[in-house]
Amino acid sequence: MTYPPQNPAGVSDKSKVVAGILGILLGGFGVGRFYIGDTKTGVLQLVVTIVTCGFGSLWGLIDGIMILVNGGTDAQGRPLRD
């Protein structure tokens, strides 16, 4: 056994459950997207939330739900692990 344990080839080391929960709870700040390495979308979510006085945080909420339901990919395009 190698240390640290390796993920299967092509699977991200980031969890879709963690990304989804972060998106639901802190999606307006782009935290779920920052977690998976998608900084461009994370910054965009943050800016939209600030410009719309908080109403843009719905984007993060919906994004978090979609990640939990459909999964997603990290910044390198690898599917998130369960």
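Residue-wise HN-Hα couplings along segment 49-66, as the Karplus relation 6.51 cos²θ - 1.76 cosθ + 1.60 with θ = phi - 60° gives them from phi, are 5, 5, 5, 8, 6, x, 5, x, 5, 4, 4, x, 4, 5, 4, x, 5, 5 Hz; Gly and Pro carry x. Working note: Karplus 6.51/-1.76/1.60 with θ = phi - 60° gives segment 34-43 the couplings 4, 4, 8, x, 8, 5, 4, 5, x, 5 Hz, where Gly and Pro are set to x. Remark: the chain carries 64 Å² of accessible area per residue (probe radius 1.4 Å; ligands, DNA and RNA excluded). For the set Leu25, Leu58, solvent exposure ranked by accessible area (probe 1.4 Å, protein chains only) runs largest to smallest as Leu25, Leu58. When the residues Phe55, Phe34, Phe29 are ordered by accessible surface, computed with a 1.4 Å probe over the protein chains alone, the sequence from largest down reads Phe55, Phe29, Phe34.
The label point for Gln76 and the one for Thr39, both projected 7 Å from the Cα toward the Cβ, are 1.7 nm apart.
Evaluated on segment 12-82, the Kirkwood hydrodynamic radius is 11.4 Å, with distances taken between all distinct Cα atoms.
Placing a pseudo-label 7 Å from each Cα along the Cα-to-Cβ vector at Ile50 and Ser15 gives an inter-label distance of 3.1 nm.
The values are calculated or read from the model by the stated rules, or taken from the named source; none is laboratory data. Since we're looking at a predicted model, the values are computed, not measured. Because the Cβ atoms are built from the backbone with ideal geometry, glycine has one as well, and the counts that use them run over all protein chains shown. These accessible areas exclude ligands, DNA and RNA; they are computed on the full protein's heavy atoms, side chains included. Shrake-Rupley method; radii C 1.70, N 1.55, O 1.52, S 1.80 Å.
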